[in-house]
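Read through the structure below, which is laid out as structure tokens, and then see the notes.
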Amino acid sequence: MMFAWLRDKAKRMLLVSLALMLLSMAVTNWVQTDGGRVKVKTLTLESISGHTMSAKLYIPPNAASDAPAPAVVYAHGWYNSKENGDAFAVEYARRGYVVLAYDMYSHGNSEDLDNVRAYDGGNGMYDAAFYVSTLPYVDSDAVIISGHSAGANACSKAVALDNERGAGLIRACILISYDPVVMDTANGNTDIFGVKTTSGGAYNNIYGSRDVALIAGRYDDYFFTVKEGAQPVSATREYLSTPMAKSFVTFGQGPDAFDGAAVEAGKFYTETVDGKEAVRVIYQPSTIHASTWLSADAVADGAAFLESRFPSGASALSPRSQSWPVKSAFGALGLIGFWMFLAFFAIALLDTSAFGELKAQAVMRTGGGRTDLVWSLSTSAVKILCSVFIIWGIMNSTMYSRIDPIWRQKNTLCIAGWAAVNGVVIALTLLAWWFGYARKRGVDLREAGLILPRRAVLKTIGIAAATIVSAWGIVFLSDYFFQTDFRFWQWSVKAFTAQKIAPALPFLPLFLLFYIANSIAINVQGYSDALGKNEGVSLFLQALLNSLSPLTIIVLQYAVFFTSGYQLWGAGALARIPTWLHTSVLILFVTPYITRAIYKRTRNPYIGGIINGVLVTLCMCMNSATLVGTGL
């Protein structure tokens, strides 16, 4: 019976998907524990600010109460979570440093707060550093804080708090992808994340005698520019010659105190401050903003700085000896397995009594010739152009800055709004296709699956729900037993707490509108030989067209940026469009494969559309910032 079951290719692919996820769990856990030598604990803390904080603690074997080790506290960027710091956490722990990677308030599995309390304790950085300093196996005189983007800004806020309280809790900082504070705000301009230092606009040294390393990506598309108002007037790659860089390495004396045309990358600049030798250093890996936290160069820079200033004495590893890329590769393998599971588990459920009546074989529509090709390409062109203008309009509106009482995630609302309006555009192109072409050619909408029998509606919802619940059940098992998930760079599926469900629900209808309409377009309209008689080639072209809108925006932005040093959209929320759309490109390319696999076995475009809509809702909402309250 088992061999008969395995004769079905879909069943074999289901087993492959499970094998890929299990292999991913085992290998990623092996890497993050350094082969079992580093203890990894997932914690839920009550912080000194009175909020619940989620964190992952890495304890190397050398850390003991009679031989305390230096500790690094790491914070992710805005709209991310603690797992984004895996590369740094894994490598630092391998080298003998205790590491605490935490979810900032209103992020990940930490407590959701309003737009004021979310910044308590320096976005939680000071609170996390305080907690680490109390651990018996941590050297409380060697607590280093680090973070990427808003996480680096949280470091500066924590330093300001440390200064106010005179605690001397923080010994050093590794700032990644965010301007260091050299005056009242990072670069003399208004900045909503600015750290006020009451210096009246003068250059200053808020970091005092602490050692500070700055990792400033050469092609960072968010920070490290001189601005006039909101417009950049210097390129990021010119950062080392700017007044901010010079002021940073002269310990707040200002650019005039610097002797030379530009700061030398990787050079330690020293000064005696309060009787202690302090260091400032700027590293400049060739990265964009969103890739610095997944850069071997950036990780090596951080490791080299730690070993130079705070040697753990527990490792002889060179900065370039890194194992985290293995974790990243197998995390990606698990992500592929997860996507495969969504399609092939749904197909496997068709052999059960509960969902068996949904089984129906779809047949590719043929013989449309040039007319079918023209309709396919023209409707795709309309959708792509409209999509570009829609996202440009949204990012020029107040949607990005608004904290809505219903949709509590600003960036998710922008993407979900973009998706929903695109869903309407797709519906309109489908109507045009039907009345302009398909009806005349005799396409049967019931036969194509657009119109379902009434009894199939609940079963359609049921099989989609069973698939999603089962898939995320595997994610929760991975988190519980292996303390890992499935991810690569900005694409991830992760475990979440119950408190995250309610904020995610309002986004679900918006994503469902798009992904159901998209599935109908891919399958009811698109399952034809218009793009070629080879099904594989045809589907690949459809997936490429499906993702071409965000891909076009990204290519335009970075083509201009890398050639000129300035972004095509260089100010305000518009500058963030390409970064936010990185995830959309892959998702829009992958989801047609999921829905087509299911459609071919069911002639039902809604099952895959619902699965994809829920998938994207959970992925977006569990990897963002949830701010409670209203207002701009």
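The values are calculated or read from the model by the stated rules, or taken from the named source; none is laboratory data. As the structure is a computational prediction, the values presented were derived from the model and not from experiment. Cβ atoms come from the backbone with ideal geometry, glycine included; neighbour counts cover every protein chain shown. Quick note on the areas: whole protein, heavy atoms, side chains included, nothing else; ligands and nucleic acids left out. Shrake-Rupley method; radii C 1.70, N 1.55, O 1.52, S 1.80 Å.
Assorted remarks:
- The residues of the stretch 531-632 present an accessible area of 33 Å² per residue when probed at 1.4 Å with all protein chains retained.
- Distance-filtered residues of the stretch 130-164 - backbone nitrogen under 18 Å, label point 7 angstrom along Thr497 Cα→Cβ: 131-132
- Whole-percent carbon and sulfur share, accessible surface of the chain, 1.4 Å: 62 percent
- Label-point separation in nm, Val374 to Ala167, each point 7 Å along Cα→Cβ: 7.1 nm
- Labels on offer are [x] 284; [y] 181; [z] 156, and the one holding volume of the Cα convex hull per residue in Å³ computed from this structure is [z].
- Remark: C-alpha extents of the stretch 1-128 on the principal axes read 60, 41, 20 Å, sorted largest to smallest.
- Reported to the nearest whole Å, the Cα centre-to-centre distance from the stretch 364-413 to the stretch 4-80 is 36.
- Sorting 462-474, 100-112 by their mean Cβ neighbour count within 10 Å, with the most densely packed peptide first, gives 100-112, 462-474.
- Long-range HN-HN contacts of Arg365 with modeled amide H, under 5 Å: Ser528, Asp529
- Accessible surface calculations at 1.4 Å, restricted to protein heavy atoms, place the stretch 301-368 at 42 Å² per residue.
- Theoretical gain in end-to-end length, Thr352 to Thr552 [0.36 nm per residue, Cα-Cα removed]: 67.7 nm
- Rounded FRET efficiency, nearest 0.05, which uses the C-beta distance separating Thr270 from Asn534 and R0 of 45 Å: 0.10
- 26 Å Cα-Cα threshold exceeded, pairs from Lys82/Lys410; Lys157/Lys276; Lys11/Lys82; Lys56/Lys500; Lys9/Lys494; Lys56/Lys327: Lys11/Lys82; Lys9/Lys494
- Value of [θ]222 nm, deg cm²/dmol, for the chain, DSSP H segments ≥ 4, -39500 (n - 2.57) each, nearest 500: -15000 deg cm²/dmol
- Computing FRET efficiency as 1/(1 + (r/R0)^6) for Val116 and Ile406, where r is the C-beta to C-beta distance and R0 is 30 Å, gives about 0.95.
- Cβ charges +1 (Lys, Arg) and -1 (Asp, Glu), total dipole of the chain, debye: 2880 debye
- Hits among aspartates and glutamates - C-alpha to C-alpha of Lys533 under 18 Å, sequence gap 8 or more where chains match: Asp372
- Taking 7 Å steps out from each Cα toward its Cβ at Val382 and Leu458 produces label points 3.7 nm apart.
- Two-site label geometry, Val363 and Leu43: point separation in nm, points 7 Å out along Cα→Cβ: 6.4 nm
- Counted over the chain, the DSSP beta bridges are approximately 45% antiparallel.
- Cα-based Rg of the stretch 282-388 normalised by 2.2 N^0.38 Å, two decimals: 1.97
- Contour minus Cα-Cα distance for Val326 and Asp479 (0.36 nm per residue): 53.2 nm
- FRET efficiency for the Ser140 to Glu228 pair, using the beta carbon distance and R₀ = 56 Å, is estimated at 0.80.
- Nonlocal amide H pairs with Asp221, under 5 Å, H built at 1.01 Å: His289, Ala290
- Taking a ≥ b ≥ c as the square roots of the eigenvalues of the Cα gyration tensor, the stretch 74-138 is oblate, since a/c reaches 1.5 or more and a/b is not larger than b/c.
- Three-way shape call for the stretch 529-608 based on the alpha-carbon gyration tensor, with the a/c threshold at 1.5: prolate
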